[in-house]
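First the structure, in the form of structure tokens, and then the observations on it.
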Amino acid sequence: LLGEVTVPFVDVRRMATEQSFRSYRYYYNAAFWIRGVVRESEGHSWYRVWDDLRQVDYFAPADSFRLVPPEELAPLSPEVPLEEKRVEVDLAHQWMKCYEGAELVFTSKISSGWRYASGYYLTPVGDFQTYHKRHSRHMAGGNLATGYDLPGVPWVAYINNQGISFHGTYWHNGFGRPRSHGCINMAPEAAMWFHRWSQPAVPAETQEIRVDYGTRVRITA
């Protein structure tokens, strides 16, 4: 089952005990696959949390998560044909808009790519589609000084093979100005709506889906 962190942060460990080595600190709104539960003799419960990048299980106190019911992952507007849904991303104003035909159905502030000391990470301009989607992804890149290591990034919709995607963002709330490494950052609630609305739909029990179609996306400077 998919689980969301519901506390400001929780430390996860290699074993289901407080004495075990701390592997990561997970933050509010991060999402992970829960693969089991372990109960200590004192009655405390630990979730077995899958890390899809490291390919290992970590353990975290179960009361720091909520399990996401399947109905919260059900597609939005599934009756609207694929060709009627489209997205416009305005990098100049840091906004995205979702349309069903001529009707505007959703809009949100974003944070797109930026120029950092380590290089340019600008969001590409052009026409794309959301052909590859995941409920959750551990994203990491770069070196120790300038890179990033972000487990449990929620509601990911890729638009190209270089890893550029729409996704929820729990590590900042500076939406409305560029600050990403090329992706389109959104508040987790907005990203979840977009994840459910855009095509293809990802079944609740499926980690990811990749097809040869998706909701149309136009990104302009």
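The values are calculated or read from the model by the stated rules, or taken from the named source; none is laboratory data. These numbers come from a predicted model, not from an experiment. Here the Cβ positions follow ideal geometry from the backbone for every residue, glycine too, while neighbour counts run over all protein chains shown. Just the protein is used for accessible areas: all its heavy atoms, side chains included, with ligands, DNA and RNA removed. Shrake-Rupley method; radii C 1.70, N 1.55, O 1.52, S 1.80 Å.
A count restricted to the range 65-96 and to residues that are part of a loop (DSSP other than H, G, I, E, B) and either under 17 Å from the mean Cα position of the chain (by Cα) or within 29 Å of Leu1 (Cβ to Cβ) (or both) stands at 9.
Testing Tyr99 on (1) in contact with a Ser or Thr (Cβ under 9 Å, 6 or more places away or on another chain); (2) part of a strand (DSSP E or B), one condition comes back false. Which one is that? Of (1) in contact with a Ser or Thr (Cβ under 9 Å, 6 or more places away or on another chain); (2) part of a strand (DSSP E or B), only one is false for Tyr99: (1).
Among the residues of the range 141-154, just one is in a strand (DSSP E or B), open to solvent by 10 Å² or more (accessible area, probe 1.4 Å) and hydrophobic (A, V, I, L, M, F, W, C), namely Leu150.
Checked against (1) over 24 Å from Pro203 (Cβ atoms); (2) open to solvent by less than 40 Å² (accessible area, probe 1.4 Å); (3) part of a loop (DSSP other than H, G, I, E, B), Ser23 meets all criteria but (3). Restricting attention to the range 155-184, the residues being in contact (Cβ under 8 Å) with a residue 60 or more places away in the chain, touching a His at 6+ places or on another chain (Cβ under 7 Å) and open to solvent by less than 40 Å² (accessible area, probe 1.4 Å) number 2.
When you look at Glu103, is it charged (D, E, K, R), open to solvent by 60 Å² or more (accessible area, probe 1.4 Å) and modelled with pLDDT of 95 or more, yes or no? Yes, satisfied.
For the range 30-51, the set of residues classified as outside any strand (DSSP E or B) and either at pLDDT below 95 or open to solvent by 20 Å² or more (accessible area, probe 1.4 Å) (or both) consists of Glu40, Ser41, Glu42, Gly43, His44, listed by residue number. Arg216 meets each of the listed conditions (1) of a type outside the set (Val, Ile, Thr); (2) open to solvent by less than 30 Å² (accessible area, probe 1.4 Å); (3) modelled with pLDDT of 95 or more apart from (2). For the range 106-140, residues that are among the hydroxyl-bearing types (Ser, Thr, Tyr), in a strand (DSSP E or B) and modelled with pLDDT of 95 or more total 4.
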